[in-house]
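So the structure is just underneath, and the comments pick up after that.
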Amino acid sequence: MRRGLWFVAGAGAGVYAMVRGRRAAEALTVDGLKDRLGALELGARMFRDEVAQGRVEKESELRERLGLVPHGRPELEGGRHKAVTAPPAALTEEEGTT
């Protein structure tokens with residue numbers, strides 16, 4: 001019984017080592033490296049999209065909580081603010097110096 005147990009344990013360890021070795025060898029081939037880089041790129045893209053979605057949701061939540069204008073509409077509507085323009089004299093002085 002003892003010899004059989006050790007035989008099975010050794011065979012299991014050998015199979016485990018072969019499988020791990022084969023996986024490591026496959027990962028270090030050109031195709032394996034391309035697959036890993038592609039997976040890394042996909043993971044980074046998914047992370048970026050999730051962060052952007054969370055940012056938009058949180059911004060909308062904060063705008064709603066603070067009573068600000070919803071995102072997408074300009075905040076300065078209705079002519080409340082006017083653009084500051086330079087006086088005509090200042091324009092002529094600058095033109096004369098160049």
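Output the number of the condition that Lys58 fails; it satisfies all remaining conditions of (1) loosely packed, with under 10 Cβ neighbours inside 10 Å; (2) within 39 Å of the chain's Cα centre (by Cα); (3) at pLDDT 70 or above.
Only one criterion is unmet by Lys58, namely (1).
Based on this model, can you work out whether Leu40 counts as at pLDDT below 95, surrounded by 10 or more Cβ atoms within 10 Å (Cβ to Cβ), of a type outside the set (Lys, Arg) and over 11 Å from the mean Cα position of the chain (by Cα)?
For Leu40, the condition - at pLDDT below 95, surrounded by 10 or more Cβ atoms within 10 Å (Cβ to Cβ), of a type outside the set (Lys, Arg) and over 11 Å from the mean Cα position of the chain (by Cα) - is not met.
Please state which one of Glu94, Glu26, Glu75 is modelled with pLDDT under 90, touching a helix residue (DSSP H, G or I) at 6+ places or on another chain (Cβ under 6 Å) and charged (D, E, K, R).
Being modelled with pLDDT under 90, touching a helix residue (DSSP H, G or I) at 6+ places or on another chain (Cβ under 6 Å) and charged (D, E, K, R) holds for just one of Glu94, Glu26, Glu75, which is Glu26.
The values are calculated or read from the model by the stated rules, or taken from the named source; none is laboratory data. Just so it is clear, the structure is predicted and the values come from calculations on it, not from any experiment. Every residue, glycine as well, gets a Cβ built from its backbone with ideal geometry; the counts of neighbours run over all protein chains shown.
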